[in-house]
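Okay, structure first, notes after.
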Amino acid sequence: MKSFICEVLENLRATNPNISELVIILPSKRAGAYLLKELAAITEETIFAPTIYSIEEFTEVISELQGIDNTVTLFEFYNVYKELTPENEQETFETFVTWAQSLIHDFNEIDRYLIDHKPFFDYLSGIQDIKHWYLQEEKTELIEKYLAFWKRLPDYYKSLANRLLEKEQGYQGLIYRKASENIEEYSASITLKHVFIGFNALNASEQYIIQFMLEKNKAEVFWDLDEHFYKDRAHGASLFLRQYLEDWKFYQQNPKPEFNDKYSEEKDIQLIGVPKNIGQAKYLGEIITALTSEELENTAIVLGEEDLLLPVLSSLPDHIKDLNVTMGFPIDNAPVSSLFENIFNIHISTSKDHYYKDVLGIVNHPALYEIISADADRLIKKINKDNLVYLKSEEILGEFKGENRRIAELCFRSKNDSVTRFCKDVQELIQILKAHLKAKEDMLSLEFLYHFYQLFNKLETLNEKFTHIKTIRSLHDFYKELVSTETLDFQGRPFKGLQLMGMLESRALDFETVIITSLNEGTLPAGKSDNSFIPYDLKQEYKLPTYREKDAVYTYHFYRLLQRAKKVFLLYNTEADGLNSGEKSRFITQLEIENTPAHHITQHLISPMVPANHHKLREVEKTPQIMEKIRSLAASGFSPSALTTYMRNPLDFYNQYVLGVRDQEEVEETVAFNTLGTVVHNALENLYKPLEGELLSTELVERFKKEANTQIEKEFAENYSKAPLDKGRNLLIFEVAKRYMRNFLNFEIKRLENGSDIQILQIEKDLKVQLPVDHLQFPVYLRGKVDRVEKTDGVTRIVDYKTGKVQSKDLIVKDWSEITKDYDKFAKSFQVLTYATLISLEKDLKFPAEAGIISFKNLRSGILKFQLKIDKKPDYLIQEETLENFQKELKKLIMEICNPEIPFIEKEIKKHYGSF
């Protein structure tokens, strides 16, 4: 395959005896590098290389202006804005940035297309005036200010341009306008011939410059368009070039160029639909694997979305040794980026205290943790232990010692909203990180860190020069703008191996094998998204580019890539998710409809291989070591919760009680249900414990009502956090706890008023008794803490408190053999009967007795009593026989746990759906 650049060079060598004396202008620097490579390949003797410019560099040479980036332009524009806007109408820099970016973009377009700004802005102002005239005849003060803003746009534009020209600087559009003004003088001063290669969509400035030099016979232009597209007047790929060849005076007086017909040659085109972007990346790796090493040398991967860069790099096969990536890696995706984001979050918060997740995000960050791990672990332990949702700076700094304290101060010490202080502290932190990474020889992380050093250095310099950024929040907003555009450039061998690039990097380049991803509507082409103050009609009137022209640009680039290619793989996402509709690009549809005879188009829908997941229930054999642990558990006592855990899932029992694996202690940001239960239980224990052995009276309960809120607050402070519970969900849960207490105490008063005689026998008593189990060679104990034992009207009653909802059907037993089998049905009955067994074995239970649950979410039902329902007639009384029958099943359960022949077998947990 002979590339377009190679064809042009052969033509130039045939018509120019000394190619070194040419000035060559290309769409991009990358195309210039390829031109030198092709020139070296076709040149046998040693020559001087011609002068090569990208179009941006060339306009800077003509205009004699130094280009400035968008950031500096924004700061300069704010100076102009403040000078021309009345003080009472001025916006802060933070607000200004939100709309000024779009306005600078529009200024850029106005200049690039050589539009007379005065009538243009008058027209735009008139449009805004008409909009509000028909809405209401009398304009409010807000509308008056709004219209005044539009009328000041010409002054903003002119003052910004003059300010920059005085400094011999310019944004891109201003440089283009100045270049078009200087082209006559420049053209008169040159003797070398200029050659423009591979251009397509030219703005008005570029058109004027090229036309002027063509007419003065100082230039030559080489267009890259296929005859197939040129003949088709409706084809988007030829939109711009057809216009130039028909409208330019030079081509009306001179022959039009001839185009080759490479597009109609034989090609293998595969249209591949793949679910999800990550699926495209993975399948791309399979395509690359199938290519030979010779094919890889002339293969380009063109990514329609920059976000695919990392997944694609991760999916490339191991045998790819030579890879050249021309897309920059966004430093916003660098690991260290999240550290600086968390530091910003700490200092832009209006709260004096620091949110624990922001604190953990800093001290746990890999970039810092390796340096401060000892002190960081101590702080994390304190946060989890004391359940600290918000921390003061002093609390954090107090956990850091020696050199680590300085790092903590740089991150957490108040900056008093000083932008200068913030930037200096971050720069000092970067120097500390640099020393650590150098010692580790982590060169990639050092490279990322260096880019952030440059970024914060730039912010600090700009702020010292312009002093527009007044707060750390404003700095953060501007930082996000900058970090989203900064990239880390890859170093590679630019002309060897596989080439990975974006669509615009492919300009003027040709490859035999082309793989293009993300060919979906809204991505390629991008569609109607347009960030501009200029209405569509006004753009059309002044021949400014609209989304139609932008679509035509990408149409040209797409088809130009296909012109000389032999193998083409076009990938698109079949899934409709997020902003992606799952609709394949019109480019693909157009290829299918055109159905060029020599093109072999095949379609594939790819789906990943998903292996069938045969879930096998796990089991753990009881080794001698495990049996030793079980004997230890039996000696310390099986609790009702341990036994019901076994009923629910033996593997959970093994993990929690045999291995001792418990949930990691973490900050409980919102009060959990078990914490709420603990708080209410403890508050009731504090109130009722002194009454053991005494009769309950209405006066006592009324006194408890007055003390209840204080008890709840005390227990929340001890069991949850000392932080105030005065906002958010925690406030609601705090109020729920107080409501539970109040409702329960009212329930007690109602019982007493109904004539019940209530004597408190035991409150939260710890019990441990031996359970005689035959056939076991070691003793077995039961242990538990009974919430309350009372005597009501002469009957002993065992009561368990539940803050969740329990219903009477949860305490019915019809068949003793089922009570240890089904956790969901019988766990509540099992628990209260275990408590009854504990008290009975302590010889403290007088028969008949009752056992039940008080559900704080179901107080209307009163005390929910255990009931035996064997002959359809419920029996609420617990007799000795009742406990004997229960204990038979209890012993069977314990025998199963202690039997070395029966492994711990996982149970499938039933999932319940519905209301809570």
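The values are calculated or read from the model by the stated rules, or taken from the named source; none is laboratory data. Fair warning: this is a prediction, and the values are worked out from it, not measured in the lab. Cβ atoms come from the backbone with ideal geometry, glycine included; neighbour counts cover every protein chain shown.
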* Asked: Looking at region 23-32, is at least one residue outside any helix (DSSP H, G or I), at pLDDT below 90 and over 30 Å from Arg473 (Cα atoms)?
  -> yes
* Conditions (1) crowded, with 19+ Cβ neighbours inside 10 Å; (2) free of Cβ contacts under 8 Å to residues at least 60 places away in the same chain; (3) more than 19 Å from His451 (Cα to Cα); number of the one not met by Ser351 -> (1)
* Identify the single condition in (1) buried (at least 16 other Cβ atoms within 10 Å of the Cβ); (2) over 20 Å from Ile588 (Cβ atoms) that Pro275 does not satisfy, given that it satisfies every other one. => (2)
* Asked: Quick one: what pairs do we get from region 390-405, first residue in the same structural domain as Asp358 (by TED's automatic domain parsing), second in a loop (DSSP other than H, G, I, E, B) and of a type in the set (A, V, I, L, M, F, W, C), C-beta under 8 Å, 6+ apart or different chains?
  -> Tyr390/Ala723; Glu395/Leu388
* Asked: Are any residues in region 669-714 more than 22 Å from Lys785 (Cα to Cα) and part of a loop (DSSP other than H, G, I, E, B), and if so, which ones?
  -> Glu669, Thr670, Val671, Ser697
* Taking the residues in region 627-667 that are among the β-branched types (Val, Ile, Thr), farther than 21 Å from Ile819 by Cα and under 44 Å from the mean Cα position of the chain (by Cα) as candidates, determine which candidate is surrounded by the most Cβ atoms within 10 Å (Cβ to Cβ). => Val658
* Is region 296-307 home to any residue that is out of contact with any helix residue (DSSP H, G or I) (no Cβ under 9 Å at 6 or more places or on another chain) and over 28 Å from Val553 (Cβ atoms)? -> yes
* Here are Tyr356, Tyr369: which of them is touching a strand residue (DSSP E or B) at 6+ places or on another chain (Cβ under 7 Å) and either of a type in the set (Phe, Trp, Tyr) or not assigned by TED's automatic domain parsing to the domain that holds Asn730 (or both)? -> Tyr356
* Asked: Quick check, is Phe830 touching a residue at least 60 places away in the same chain (Cβ under 8 Å) and surrounded by 14 or more Cβ atoms within 10 Å (Cβ to Cβ)?
  -> yes
* Within region 326-344, how many residues are in contact with a strand residue (DSSP E or B) (Cβ under 8 Å, 6 or more places away or on another chain) and in a helix (DSSP H, G or I)? -> 1
* If you go through region 337-348, how many residues are over 15 Å from the mean Cα position of the chain (by Cα) and surrounded by 18 or more Cβ atoms within 10 Å (Cβ to Cβ)? -> 5
* Asked: Does region 753-770 contain at least one residue that is under 28 Å from Leu883 (Cβ atoms), in contact with a strand residue (DSSP E or B) (Cβ under 6 Å, 6 or more places away or on another chain), of a type in the set (A, V, I, L, M, F, W, C) and not in a strand (DSSP E or B)?
  -> no
* Verdict on Asn457 being among the polar types (S, T, N, Q), part of a helix (DSSP H, G or I) and farther than 17 Å from Ser337 by Cβ -> no
* Out of Ile469, Ile432, sole residue that is over 26 Å from Glu306 (Cβ atoms), aliphatic (A, V, I, L, M) and outside any helix (DSSP H, G or I) -> Ile469
* Asked: Being at positive phi, surrounded by fewer than 19 Cβ atoms within 10 Å (Cβ to Cβ) and assigned to a helix (DSSP H, G or I), is that true of even one residue in region 365-382?
  -> no
* Condition test on Val610, is it outside the structural domain of Glu286 (by TED's automatic domain parsing), β-branched (Val, Ile, Thr) and more than 30 Å from Ser102 (Cα to Cα)? -> yes
* Would you check if there is a residue in region 532-542 being closer than 22 Å to Glu505 by Cβ and in contact (Cβ under 8 Å) with a residue 12 or more places away in the chain? => no
* Residues located in region 180-208, provided they are part of a helix (DSSP H, G or I), within 17 Å of Tyr53 (Cα to Cα) and within 42 Å of the chain's Cα centre (by Cα) -> Ser205, Glu206
* Asked: Hey, does region 504-516 have a residue that's of a type in the set (S, T, N, Q), modelled with pLDDT under 90, over 20 Å from Leu225 (Cα atoms) and buried (at least 17 other Cβ atoms within 10 Å of the Cβ)?
  -> no
* To do: Name every residue in region 279-323 that is more than 32 Å from the chain's Cα centre (by Cα) and surrounded by 13 or more Cβ atoms within 10 Å (Cβ to Cβ), in order of residue number.
  => Leu291, Glu295, Leu296, Glu297, Asn298, Thr299
* **Residues of region 33-82 satisfying the condition of being among the charged types (D, E, K, R) and in a helix (DSSP H, G or I)** => Lys37, Glu38, Glu56, Glu57, Glu60, Glu76, Lys82
* Asked: What are the residue pairs meeting all of these: first residue in region 326-345, first residue free of Cβ contacts under 8 Å to residues at least 24 places away in the same chain, second residue of a type in the set (A, V, I, L, M), Cβ atoms under 6 Å, and 6 or more apart or on different chains?
  -> Asn342/Ile362
* To do: Please find, within region 573-625, the residue that is modelled with the lowest pLDDT out of those that are surrounded by 13 or more Cβ atoms within 10 Å (Cβ to Cβ) and of a type in the set (A, V, I, L, M, F, W, C).
  => Ile606
* Asked: How many residues are in a helix (DSSP H, G or I) and either touching a residue at least 24 places away in the same chain (Cβ under 8 Å) or in contact with a Phe, Trp or Tyr (Cβ under 7 Å, 6 or more places away or on another chain) (or both) if we restrict to region 83-97?
  -> 7
* Structure fact -> Of (1) of a type outside the set (Phe, Trp, Tyr); (2) in the same structural domain as Glu715 (by TED's automatic domain parsing); (3) surrounded by 18 or more Cβ atoms within 10 Å (Cβ to Cβ), Leu771 satisfies every one except (2)
* Asked: Pick from region 872-912 the residues that are among the polar types (S, T, N, Q) and closer than 20 Å to Tyr781 by Cβ: which of them is surrounded by the most Cβ atoms within 10 Å (Cβ to Cβ)?
  -> Gln887
* **Of residues in region 158-179 being among the hydroxyl-bearing types (Ser, Thr, Tyr) and either under 14 Å from Gln66 (Cα atoms) or buried (at least 23 other Cβ atoms within 10 Å of the Cβ) (or both), the one nearest to the chain's Cα centre (by Cα)** => Tyr171
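For (1) under 14 Å from Pro257 (Cα atoms); (2) polar (S, T, N, Q); (3) out of contact with any helix residue (DSSP H, G or I) (no Cβ under 8 Å at 6 or more places or on another chain), each residue gets a yes or a no:
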{"site": "Ala179", "(1), (2), (3)": "no, no, no"}
{"site": "Val195", "(1), (2), (3)": "no, no, no"}
{"site": "Asn203", "(1), (2), (3)": "no, yes, no"}
{"site": "Tyr208", "(1), (2), (3)": "no, no, no"}
{"site": "Lys218", "(1), (2), (3)": "no, no, no"}
{"site": "Phe222", "(1), (2), (3)": "yes, no, no"}
